[in-house]
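Quick one: this structure, given as structure tokens, is what I'll be asking you about.
Read-outs: derived from the displayed coordinates by stated rules, not from any lab. Source: prediction; values computed, not measured. Reconstructed Cβ throughout: ideal geometry from the backbone, glycine too, with neighbour counts over all protein chains shown.
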Ligand SMILES: C[S@@+](CC[C@H](N)C(=O)[O-])C[C@H]1O[C@@H](n2cnc3c(N)ncnc32)[C@H](O)[C@@H]1O
């Protein structure tokens, strides 16, 4: 798969053929922990590339009513709607992350195996987009793979140094460290990141 072809039809096919090895089937433990410890339930939260949406579902069911699920794949959205039929339709964004137009709107972006799924050439664009759609106090929370995968991606990995350099152009990195809250298949190579939008 050419990295440039990671388009909507690529992702539709992955779901259609049930080739969804990334899918945990449950909320990611590190993100569950974040929800369980966050007191401000009125935050506007975006979960891009949310897939079957276990994180969006968990947050919503635990009182975070302003969560926005985003995925460009219709098949992913269908799966999410099946998993979470009571989730508000107007908070389901079936669009490309790079086309999000709510400038300065979100308080939080939650990262769970979306960053690793895009063409690495788009990583700077991801950081710029996240910066643009977060409000002045906005933050990114989530997981990044600290590993170089031997297989043709996605997923595409990286190092602590790569991520630090990339995100620190526009964010103050509060935490970027190995997490113990990984599922067993990802133990030892996931970094938990907390990054706050820089004030200029
Ligand atoms: C590796 S999957 C991860 C799904 C989910 N986060 C999970 O962990 O189960 C990547 C997801 O990102 C979506 N995606 C890829 N590129 C996208 C883009 N540019 N905008 C929005 N969604 C995208 C895919 O459709 C897919 O659902």
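Can you pull the one-decimal nm distance between simple spin-label points at residue 65 and residue 181, each 7 Å off the Cα toward Cβ?
2.5
Normalised by the residues of region 3-197, what does the relative contact order come to in percent, with Cα pairs under 8 Å and at least six apart?
Details: 350 pairs, mean separation 36.9, N = 195.
Computed over region 3-197, the figure is 19 percent.
Based on DSSP H runs of at least 4 residues, each adding -39500 (n - 2.57), what is the mean residue ellipticity at 222 nm of the chain after dividing by all its residues, to the nearest 500 deg cm²/dmol?
Numbers: 6 runs with 55 residues, N = 200.
Theoretical 222 nm ellipticity from helices: -8000 deg cm²/dmol.
Right, next: Based on the mean of other beta carbon atoms within 10 Å per residue, what is the order of 186-193, 51-58, most packed first? Write out the running numbers ahead of the final one.
Working: 186-193: 18.4, 51-58: 24.4.
Peptide ranking by packing, descending: 51-58, 186-193.
Also, quick follow-up: Given a cut-off of 14 Å, what percent of all Cα-Cα pairs of region 62-147 lie beyond it? Intermediate values should be presented prior to the final figure.
Numbers: 2529 of 3655 pairs.
Above the 14 Å cut-off, region 62-147 has 69 percent of its Cα pairs.
To continue, here is another question. Using only Cα atoms, locate the centre of region 141-200 and the centre of region 36-81, then give the distance between them in Å, rounded to an integer.
20
In nm, to one decimal, how far is the residue 26 label point from the residue 151 one, both placed 7 Å along Cα→Cβ?
Modelled inter-label distance: 2.2 nm.
Pulled fully out, how much extra length does the chain show between residue 199 and residue 169, if you take 0.36 nm times their separation in residues and subtract their Cα-Cα distance?
So the chain would gain 9.7 nm between residue 199 and residue 169.
Per Stokes-Einstein, at 4 °C and 1.567 mPa s, what whole-number D in µm² s⁻¹ belongs to region 3-197, with the Kirkwood radius over Cα pairs as the hydrodynamic radius?
Numbers: Rh = 16.8 Å.
Value of D from the Cα-based Kirkwood radius: 77 µm²/s.
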